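See below for the structure under consideration.
The values are calculated or read from the model by the stated rules, or taken from the named source; none is laboratory data. For clarity, every value in this text was computed on a predicted model and none was experimentally measured. Glycine also receives a Cβ, built like all others from the backbone with ideal geometry; neighbour counts cover every protein chain displayed. When the accessible area is computed, the model is the full protein with side chains, heavy atoms only, and any ligands, DNA or RNA have been set aside. Shrake-Rupley method; radii C 1.70, N 1.55, O 1.52, S 1.80 Å.
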Amino acid sequence: MSDHRIPLAAVIGSPIAHSRSPKLHQHWLNVHGLAGYYIPMDIASDDLERVIRMMPRMGFVGCNVTIPYKEKVMKVADQVTDRATLIGAANTLIFRTDGSIMADNTDGYGFIENLRQGAPGWDAKAGTAVVLGAGGAARAVVAALADAGCPRILLTNRTRVRAEKLKDDFGKRIEVHDWVQAGNILEEAALVVNTTSLGMTGKPELRVPLDGLRKGTVVTDLVYSPLRTRLLAEAEAADCITVDGLGMLLHQAVPCFERWFGQRPVVDAATREAALR
Ligand code: NAP
C-alpha cells in the first residue's frame, strides 16, 4: 500500500443526496490547496459495519455520520469520546493510523460556535435557555449549553417522556415543561433554540406562540432548509437577535476537517456561499 495516498473523507447516511457537507469540505480542501476528496455515501443498514470497516483500507481518513446512523455507528467504533457517549450519538468517525476507529460528536461544538459568531454578545452563563424539542439534536444542544455554563434550561417536547429522559441524563439545571406551555416560558429566555424538525421544508410549521419573546433575546433554529424559518422571521420582527442553523452545520465540520486533513479551516462568508451553492 502506498504511503502517498490522496486522503478521502465522506458523509454516510440514507438518504444522503441532499447533504451540503461535500460542497463544504471540498471548498476547504480547495482553500487550503490540499489534495483530497469528500463524498456522499448512501449505505444500507445491513452493510453499515462492513463498509465502515473497509473504509480505512480504501484510503478514508474519516467520515461524518448522519440520519439514521448516528447511534448505530457507536457500536462499530473501537473508542467513543466522553461527549459522544453522553449525547448517545456520533456525527464523526476518525480512522486512526493504527487501524482503530474513534467516534465523536461535534454538533454541540458547532452549535455554540455558531452562536458565538452570529450573536457575539451572547453568553451562555448569563441567562436561561429555552430548548424546544428533545430528539437527538436536542441532546447535543443541551449537553453543550450545560458544558458552557448555562445556569437554567427550560425544555419542552411534544412527547414529554423524552424530555424527562434528557433531564435524567443531564441533571438538575433542566426543567421540563409541557409542550402546550411552550409559548409561556419564552419570556424567561435569554436564548431560544428550536431543535425540532418543525419549520423544515416539507414538515409542518412550528406553531408555538411567540408573543412572549423579549426584545434582544437570541433566537436560533437548527433547521436550515429554509435558511430563514418562520421562527427566525417572527423573532427578527420582535427585535430579537437571530442566528440561522446553517452556521451550526459549518462549525461542527471545523474540528472534523482539521483532524482528517491537518488544517483548521475558518467559517466565513465564502464558506456559507460554498455550502449553499
Ligand atoms: P429527531 O431525533 O427525529 O427529533 C425530532 C424532534 O422534533 C423531536 O423533539 C420531535 O418531538 C420533534 N417533532 C417532530 N415532529 C413534531 C411535531 N409534529 N410536533 C411537535 N414536535 C415534533 O431529529 P434530530 O436529529 O433531533 O433533528 C431535529 C432537527 O434538527 C432536524 O430538522 C435536523 O435537520 C436539525 N439538525 C440540524 C443540525 C445543524 O447542524 N443545523 C444538526 C442536527 C440536526 P417528539 O419527541 O415528540 O417526536
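Contact order for segment 108-244, expressed relative to its length and based on alpha carbon pairs under 8 Å spaced 6+ residues apart, stands at 23 percent.
Its Cα gyration tensor gives the chain an equivalent ellipsoid; the semi-axes, largest first and in whole Å, are 33, 20, 16.
For the chain, the longest principal axis of the C-alpha atoms and the axis of helix 136-147 are separated by about 80°. The candidates 224, 38, arranged from most to least accessible area with a 1.4 Å probe in the full protein assembly, appear as 224, 38. For the listed residue pairs 75/125; 23/72; 125/165; 70/203, the alpha carbons are over 28 angstrom apart in 75/125.
Database remark: amide H of residue 11 closer than 5 angstrom to the amide H of 39, 41, 64 (H placed geometrically; neighbours at sequence offset of 5 or more, or on other chains; Pro and chain starts carry no H). Against the criterion of solvent-accessible heavy-atom surface with a 1.4 angstrom probe, 4, 32 sort, most first, into 4, 32. Highest average first, the peptides 39-46, 161-168 ordered by how many other beta carbon atoms sit within 10 Å of their residues are 161-168, 39-46.
Counting only residues at least eight positions apart within a chain, or on another chain, the aspartates and glutamates with an alpha carbon under 19 Å from that of residue 172 are 147, 164, 188.
Of the beta bridges in the chain, as assigned by DSSP with both residues counted there, near 20 percent are antiparallel.
Derived scalar couplings between HN and Hα for segment 233-240 equal 5, 6, 5, 5, 5, 8, 6, 8 Hz in order, rounded to whole Hz, by the Karplus curve 6.51 cos²θ - 1.76 cosθ + 1.60 (θ = phi - 60°), x for Gly and Pro.
Close amide H pairs (under 5 Å, H built 1.01 Å from N) link residue 192 with 130, 218, 219, 220, residues at least 5 positions away or on another chain. Relative to the longest principal axis of the C-alpha atoms of the chain, give the angle of the C-alpha long axis of helix 160-170, reported between 0 and 90° and rounded to the nearest 10°. The answer is roughly 70 degrees.
Amide H to amide H distances under 5 Å link residue 157 with 133, 177, 179, where only residues 5 or more positions off or on other chains count and H is placed in the peptide plane. Ranked by the mean number of other Cβ atoms within 10 Å of their residues, highest first, the peptides 138-145, 7-14 fall in the order 138-145, 7-14. In terms of the mean number of neighbouring beta-carbon atoms within 10 Å, the peptides 179-185, 99-105 order highest first as 99-105, 179-185.
Taking the accessible area of segment 22-73, probe 1.4 Å, and keeping the other protein chains in place, the carbon and sulfur fraction comes to 57%. When only Cα pairs below 8 angstrom with a gap of at least 6 residues are kept, the chain shows a relative contact order of 16 percent. The angle between the Cα long axis of helix 246-261 and the longest principal axis of the Cα atoms of the chain comes to about 30 degrees, rounded to the nearest 10. Largest first, the residues 86, 231, 34 sort by 1.4 Å accessible area into 86, 34, 231.
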